[in-house]
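Enquirer: Got a structure here, written out as structure tokens. Questions coming.
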Amino acid sequence: MSSSVFRMRSRMLRDHLFRALPALIAAFSLLFAWEIYCRSSGISETTLPAPSQVLFQAWLHREALWLNTVPTLRATLLGFSLSLVLAFVLSIVIDFSALMRQALFPIFIASQTLPLVAIAPLVVLWFGFGLLPKILLVALVTFFPMLVALAEGYASTEREVEDLLASMGASRWKRFRLARLPSALPYFFAGLRISITYAVVAAIFAEYAGAARGLGIYMLNAKNNFRPDLVLAAVLVSSLLTLLLFSATWAVQRLAAPWIDSSSGRGR
Amino acid sequence: MTVPLLSLDGVSLNFGEIDVLRDVTLDVMPGEFVSILGPSGAGKSTIFKLLTGAATACGGEVRFSGRPLASNERPFAFMPQRDALMPWRRILDNTTLGLEVQGVPRKEARKRVEPLFEEFGLSGFERHYPRALSGGMRQRAALLRTIVQDRPVLLLDEPFGALDALTRNQMQIWLEAMWLKHRWTIILITHDVREAVMLSDRIHLLSPRPASVEQTITVPLPRPRFSNPATRAEAAAIETSILDFLLSPQIQK
Ligand SMILES: Nc1ncnc2c1ncn2[C@@H]1O[C@H](COP(=O)(O)OP(=O)(O)OP(=O)(O)O)[C@@H](O)[C@H]1O
Ligand SMILES: [Mg+2]
């Protein structure tokens, strides 16, 4: 029994690797071409450093990089949590009240039209160089996609399921809890994956506009010191961070909603 | 003479401009197996919507045990046209849904449902999600979810309509056996003439939309019907006469 489970696991692992192979080959070819170009064209290191150089410098500065990663990660997670709570509460409000939906939705949409470049320095100006402005900016960027995902998820509830619950005498709240909310889970996780990638970028942007520590301010300083290799090293870290958070959403989905058929992206 | 358990008296209903039910009159006796047979789009499912409170009549009266049906009264357990199993609930939790809505504690609900899994051919699948079940099993799970609600009348909307012919036949045989054992009061919606004849005590034939009851046919055949070749031959004759009636020009309009 356990050995067959193990065999299945290892087969799944092999399948995953096999599917990732084209992507890996493509990525390595690109890096390889980049490396060759840097070595053969004699381009200056302060203009375009080779990948090997970036990796080497990242390793040398690993301590500084880590020190600056922690605040970024903290801002991302806190801002994203705030956005999740807000999106969840407000999604319920607009699901239950058409009036609130009409009143609030335009404001939510308007919040998405604010250009981050202009708004980030302002938010820093208002709330200082601490954690708060970063949290707010991450929340601002990720709130709307999460809200839309939830609202669409509720709307995807099968008519028949709701009729069935109504025939059983379920109240509006029970219908929400037993049918609409679980129906929204596949949409929720899809939204989660989209907005978690925005979240890291938003945190870095906020730090760029002013911070004591963080990947954003690290990049800015490195750029001002003519160290594109360190800028790229920080970019590498932020990409890894995003990938990590992205994979975490799959893990959470596996645990929280194992019934979602991820091959089709939907339940059933 | 006994009072009908359920009767519709001159019930009419429209969705905006569309007249769906016009003057529908029919009744169901206690313990009776009644079918409502009619063409697609006639308004069959609408009759169930009316009974479960998802739609309101604009005329006529629904009586339960001789008294007008109050709007908060729920003597019906409803099985929708598609199985409406919730993909996020395991089969066991899908079947206890009605009890959960009634406020029965989860543990007790499970205790009530679990012994029935064997009879419904679902044992071993309690902890599976619906997507792991075949079409026939899904229908049996939906039917189990319906009967455990323990309501006086079962409303089954084309329970076997989506199944392949062979599975549908097996399900009909199984349902007859179950009904003979439990004697539920059943209203079955179908557009399968043979299914109606083999299963019902009486069949109400609906006209195309706006639906009204064109004719009520009593099926006097002995049970169990599927296992007896002579009965099946007689059933075929009734089936033909119903088809002739449904296809006749004055019904087609
Ligand atoms: N909520 C609604 N709003 C408007 N029209 C509706 C609504 N529900 C049903 N109808 C219409 O009422 C008519 C009857 O629908 P109903 O679902 O009762 O048919 P049916 O006899 O069950 O058909 P089928 O055998 O295909 O299931 C159809 O023409 C349909 O378009
Ligand atoms: Mg129907």
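Readers should treat all values here as calculations from the given coordinates under stated rules, not as data from a laboratory. Only a predicted model underlies this, so the values are computations on that prediction, with no experimental measurement involved. Positions of Cβ are generated from backbone atoms using ideal geometry, with glycine treated the same way; all protein chains shown enter the neighbour counts.
Enquirer: Which residue, A:SER83, A:SER156, A:SER44, has the most motion in a Gaussian network model of chain A that connects Cα atoms within less than 10 Å?
Expert: Answer for the Gaussian network model of chain A: A:SER44.
Enquirer: May I have the pair-distance distribution P(r) for the protein assembly as shown, computed from all Cα-Cα distances with 20 Å bins from 0 and rounded to whole percent?
Expert: Percent of Cα pairs in each bin: 18, 38, 25, 15, 4, 0.
Enquirer: Compute the orientation-averaged projected area for chain B from the convex hull of its Cα atoms and round it to one decimal in nm².
Expert: Details: hull surface 57.8 nm².
For the Cα atoms of chain B, the hull's average projected area reads 14.5 nm².
Enquirer: While we're here: With unit charges on the beta carbons (Lys and Arg positive, Asp and Glu negative) and the dipole taken about the Cα centre of the stretch A:146-221, which residue among A:LEU192, A:ALA166, A:ALA202 sits farthest to the positive side?
Expert: Farthest along the dipole direction, towards plus: A:ALA166.
Enquirer: Would you please give the FRET efficiency between A:ARG19 and A:ALA248, computed as 1/(1 + (r/R0)^6) with r the Cβ-Cβ distance and R0 = 25 Å, to the nearest 0.05? Before the final figure, lay out the partial values.
Expert: On the way: r = 20 Å, r/R0 = 0.78.
Efficiency, from the Cβ-Cβ distance: 0.80.
Enquirer: To continue, here is another question. Quote the Stokes-Einstein diffusion coefficient, in whole µm² s⁻¹, for the stretch B:84-151, based on the Kirkwood radius over alpha carbon pairs, a temperature of 4 °C and a viscosity of 1.567 mPa s. Write down the numbers at each step before the final one.
Expert: Values: Rh = 11.6 Å.
Approximately 112 µm²/s, per Stokes-Einstein.
Enquirer: Hey, got the average number of other protein chain Cβ atoms within 10 angstrom for residues in B:86-93? Each step should come with its number before you reach the end.
Expert: Details: counts 11, 13, 13, 3, 1, 0, 0, 0.
Mean shielding count: 5.
Enquirer: Subtract the Cα-Cα distance of B:CYS58 and B:SER248 from 0.36 nm times their separation in residues, and report this length gain in nm to one decimal. Please report the intermediate quantities before stating the final value.
Expert: Working: separation 190, 0.36 × 190 = 68.40 nm, distance 2.99 nm.
Stretched out fully, the B:CYS58 to B:SER248 stretch lengthens by 65.4 nm.
Enquirer: Can you give the FRET efficiency for A:VAL89 and A:ARG159, using 1/(1 + (r/R0)^6), R0 = 30 Å, r = Cβ-Cβ distance, to the nearest 0.05?
Expert: Details: r = 26 Å, r/R0 = 0.86.
Efficiency, from the Cβ-Cβ distance: 0.70.
Enquirer: Right, something else. With N set to the number of residues, divide the alpha-carbon radius of gyration of the stretch B:37-179 by 2.2 N^0.38 Å and report two decimals.
Expert: On the way: Rg = 16.0 Å, N = 143, 2.2 N^0.38 = 14.5 Å.
Normalised by 2.2 N^0.38 Å, the Cα Rg of the stretch B:37-179 equals 1.10.
Enquirer: If you don't mind, there's one more thing I want to ask. Could you compute the FRET efficiency for A:ALA118 and B:LYS107, with r as their C-beta to C-beta distance and R0 at 60 Å, rounded to 0.05?
Expert: Calculated transfer efficiency: 0.55.
Enquirer: When you take every Cα atom in the stretch B:130-237, what is the radius of gyration, and what is Dmax, the widest Cα pair distance, in Å?
Expert: Reported Rg and Dmax, both Å: 14.4, 42.
Enquirer: Follow-up question, since we're still on this one. What percent of all Cα-Cα pairs in the stretch A:214-266 falls in each 5 Å bin, counting up from 0?
Expert: So the P(r) values, bin by bin, are 5, 19, 17, 13, 10, 9, 8, 9, 7, 3, 0.
Enquirer: Taking the C-alpha atoms of chain A, how large are the radius of gyration and the largest Cα-Cα span, Dmax, in Å?
Expert: In order Rg, Dmax, the Cα atoms of chain A give 22.7, 77 Å.
Enquirer: Follow-up question, since we're still on this one. Quick check on chain A: helices-only [θ] at 222 nm, where DSSP H runs of length 4 and up contribute -39,500 (n - 2.57) each and the sum goes over total residues. Nearest 500, please. Kindly include the intermediate steps, with their values, before the conclusion.
Expert: Working: 11 runs with 217 residues, N = 268.
Mean residue ellipticity at 222 nm (helix-derived): -28000 deg cm²/dmol.
Enquirer: Still on this structure, please answer the following. Roughly how many debye, to the nearest 20, is the charge dipole of the stretch B:84-151 about its Cα centre, given +1 on each Lys and Arg Cβ, -1 on each Asp and Glu Cβ, and no other charges?
Expert: Working: 13 positive and 8 negative charges, 42 e Å.
Its charge dipole is roughly 200 debye.
Enquirer: Sticking with this one: Between B:LEU143, B:LEU133, B:LEU13, find the one with the highest GNM mean-square fluctuation for chain B; connect C-alpha pairs within less than 10 Å.
Expert: Result: B:LEU133 has the largest fluctuation of those listed.
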